[in-house]
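Bear in mind that the values in this text are calculations on the coordinates, not laboratory data. From a predicted model like this one, the values you see are computed outputs, not experimental measurements.
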């Protein structure tokens with residue numbers, strides 16, 4: 001049997017790295033040792049650091065945006081519907097009497113007033129889902145548009161009520177509870193200001209996520 005079957009007996013080539021006589025291991029090439037003779041692993045350490053940084057950056061970029069401003073806006077809108085609906089259900093007869101005092105709705109529609117409070121609670125419940133997982137989906141946008149239409153409809157209704165009657169009876173938003181402003185036509189101004197803020201919140205909830213996505217897409 002020839003010596004080629006025994007690796008330890010094979011002749012060394014000029015291209016092979018030198019062997020340490022003590023350990024029997026290849027000696028690292030020049031330029032990869034520290035002054036004290038220890039192996040220099042700065043290159044491999046630098047590669048590991050760069051790969052870890054790249055992986056962290058990729059993970060950060062892949063994280064979906066949270067749309068915090070839009071979600072806070074949806075939460076405030078939801079809170080408005082829930083509180084308003086709760087007060088109406090708590091004293092439904094008073095709410096119906098207030099709306100009848102306004103003399104805006106025809107009598108044939110007055111029976112529908114009993115469903116306003118429960119409808120507002122349902123709207124608040126739907127907005128909980130919108131705030132959670134439906135914000136960017138068509139269902140979430142549809143719920144926000146219906147909510148926005150409700151605010152616009154109520155604003156138009158308030159504009160039809162006689163100012164003197166509205167000041168005396170209130171809008172009925174929270175049944176018979178209302179804020180005493182102490183100024184002439186204060187009830188109407190308060191309702192308009194509140195509805196304007198709510199409409200702005202709807203715009204933020206509807207357009208805010210699209211603006212965030214556009215900024216992320218363009219690397220902003």
Checklist line | Potential lengthening between residue 94 and residue 114 on full extension [0.36 nm per residue; Cα-Cα distance subtracted] | finding: 6.1 nm
Notebook entry, point to check: Gain in length, residue 104 to residue 210, computed as 0.36 nm per residue apart minus the alpha-carbon separation, to one decimal in nm?
Noted result: 34.3 nm
